[in-house]
């Protein structure tokens with residue numbers, strides 16, 4: 001299953017960390033939740049692998065299409081996605097058995113998620 005969440009992942013992360021005022025960050029998080037809910041009819045049960053690419057908006061000092069090496073921290077971004085997809089796209093947080101993730105600069109900020117069911121080894 002592939003899902004593309006449009007909008008700046010850094011803004012969604014800031015909303016996830018509990019800012020109390022309604023901001024663009026909260027609007028981005030709500031947008032992510034709606035996109036995930038729309039795709040939730042395809043919930044995967046059992047162990048899964050997630051490929052996640054975070055496309056971050058560059059500033060004037062960063063080269064386009066290079067790897068992102070600034071805040072936010074990768075583990076916080078992965079955790080945000082884990083929390084957002086649990087109960088919607090995957091049955092539980094425990095079913096996320098492996099993750100591959102990248103942060104890349106791009107003029108269109110978004111998150112590209114591909115979730116693949118893992119076959120059990122015999």
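Key figures for this structure:
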{"quantity": "Residue match in the stretch 63-70 (condition: surrounded by 13 or more Cβ atoms within 10 Å (Cβ to Cβ) and modelled with pLDDT under 70)", "calculated": "yes"}
{"quantity": "Scope the stretch 80-102; condition modelled with pLDDT of 90 or more and either touching a helix residue (DSSP H, G or I) at 6+ places or on another chain (Cβ under 8 Å) or over 12 Å from residue 48 (Cα atoms) (or both); matching residues", "calculated": "96, 99, 101, 102"}
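The values are calculated or read from the model by the stated rules, or taken from the named source; none is laboratory data. Keep in mind it's a predicted model, so treat the numbers as computed, not measured. Cβ: placed from backbone, ideal geometry, glycine included. Neighbour counts: every protein chain shown.
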